[in-house]
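Let me begin by presenting the structure, written as structure tokens, before commenting on it.
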């Protein structure tokens, strides 16, 4: 049985302090499940989900990193290949919010230039225990130049939107070629070409004289684009 076709392979990364709910967000998004038990990530873990987005089939490889300091050397090694990063804090834990600038500094130091980022305030359903107002989260996101959303893995609120939004940013980046000299753009185009080659090989796609593989695209126009 041939492997399923996808137009993009996108690597996303979840980072933030331990206990903010990164693993629960990943579990909710990929498996539509939630557990009240505390999930401790040892080093790094990942899940895969393929989505349909604006007429494109996108395979998401989502890496979940440990928030503890002792794993920091391991996890920062995964920053470089990330095409999109979700910075997560717990709205009931102000310390996790205050740590976001440190996590952002790690991104600036270790991630690819121009990597897409989104700030996530998780556990928004815990209204009686909230320590970080939504307006405060938005202010920090504006300061750091990224989009902001609040989510609840438990109540399944905003989770799909967060991952889909980030995936759309990355796909637009790949198609439009923003800062086409950056390593992130080159990585994105390489993965796009690889995915097309894999798909063409599985369905008998034709190769051009230069060795590239031409893959038939859907006739309908997609709303992913520079001006959409």
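The alpha carbon radius of gyration of segment 8-175, expressed as a multiple of 2.2 N^0.38 Å, is 0.95. Remark: 132, 170 ranked as 132, 170, counting other beta-carbon atoms within 10 Å and listing the fewest first.
Of all DSSP bridge pairs formed entirely within segment 8-175, close to 35 percent run antiparallel.
Note on residue 35/residue 108: beta-carbon distance plugged into 1/(1 + (r/R0)^6) with R0 of 30 Å gives a FRET efficiency of 0.35. The calculated FRET efficiency for residue 139 paired with residue 48, based on their beta-carbon distance and R0 = 45 Å, is about 0.85.
Read the figures in this text as sums done on the coordinates, not as results from a lab. Please read all numbers here as calculations on a predicted model, not as lab measurements. Backbone-built Cβ (ideal geometry, glycine too); neighbour counts: all protein chains shown.
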